[in-house]
Amino acid sequence: NPDADRTGTFTSGFVCKDNTNNTEIVLYFVSEKHAGENLSYLLEQRTLPEDQLVVMCDGLDNILPKLLLATICNCMSHGVRKFKEILECYRCECTHVLVELKKVYEFDTETKQMTPEARLQYHIKNSKPVMDSLLIWMKRQFNDKLVEPNSNLGKTLKYMINRWDKLTRFCQ
C-alpha cells in the first residue's frame with residue numbers, strides 16, 4: 001500500500017462552477033491524499049475538455065497535477081493577506097499596494113451582474129491599468145534597490161511578481 005507511510009489526514013475543498021447553466025457544486029475530500037492528488041482524481045471524472053478548464057488555486061504549484069493543461073489562476077487574496085501580515089513593519093509600501101488592490105476589488109464588485117464578456121471588458125478598461133501600474137511599482141522597488149530582496153517585504157513582492165500572470169487572469 002503506497003499510502004501506508006502517510007500519517008496525516010488532509011482536507012481538500014473544490015468548488016466546481018458551470019457558467020453555462022449557472023450551477024455550482026462543492027466537493028470535500030478528507031483522506032491521507034494531498035490536494036493535488038485529490039484534484040487529479042476529480043479531473044479524471046470531468047467531461048469538459050482541458051482547454052476549457054479554468055483552475056483557481058493558491059500559489060503552491062506543487063498541488064497541481066504535473067500534466068494539467070488548464071488555465072491556472074491564483075487567488076489575489078493570498079497576496080493581500082501577505083501584505084496585511086507585514087503592514088506594521090512596512091506601513092508605507094504595504095498601504096500603497098493595499099490601496100491599489102482595493103480599487104480592483106471595488107471594480108470587481110461592480111461586475112457581479114455582468115456577463116462574462118462584459119465583465120472581462122470592464123476589468124480590461126478599469127482594473128488592468130491599476131494592476132499594470134502596481135507591477136511597475138513593485139519591480140521598481142527592486143530595480144532602484146528600495147527593498148532588500150530577502151526582507152519580508154522583498155519576499156512578499158516576489159510572491160506577487162512571480163505569480164503575476166496567474167493573479168491577473170481576470171484581465172485576460
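The values are calculated or read from the model by the stated rules, or taken from the named source; none is laboratory data. Note that the structure is predicted; figures quoted are calculated from it, not measured. Reconstructed Cβ throughout: ideal geometry from the backbone, glycine too, with neighbour counts over all protein chains shown. Surface accessibility is based on the protein's heavy atoms, side chains included, excluding ligands, DNA and RNA. Shrake-Rupley method; radii C 1.70, N 1.55, O 1.52, S 1.80 Å.
Listed values (i) 17.4; (ii) 12.5; (iii) 19.5 include one computed from this model; for mean projected area of the Cα convex hull in nm² that value carries the label (ii). The trypsin sites (Lys or Arg not before Pro) of the range 94-148 that meet both conditions, a loop assignment by DSSP and at most 13 other Cβ atoms within 10 Å of the site Cβ, are LYS112, LYS145. Charging the Cβ of each Asp and Glu at -1 and of each Lys and Arg at +1, and nothing else, the dipole of the range 99-172 about its Cα centre rounds to 180 debye.
Here's the picture: charge each Lys and Arg Cβ at +1 and each Asp and Glu Cβ at -1 in the range 62-172, and of PRO116, THR71, LEU134 the one pushed furthest to the positive end of that dipole is THR71. Surface exposure of the chain, expressed per residue as accessible area with a 1.4 Å probe, stands at 66 Å².
Positive-end ranking of LEU48, VAL147, THR7 along the dipole of the chain, with charges on Cβ about the Cα centre, is headed by VAL147.
Across the accessible surface of the range 43-172, with the other protein chains kept in place and a 1.4 Å probe, carbon and sulfur atoms take up 54 percent.
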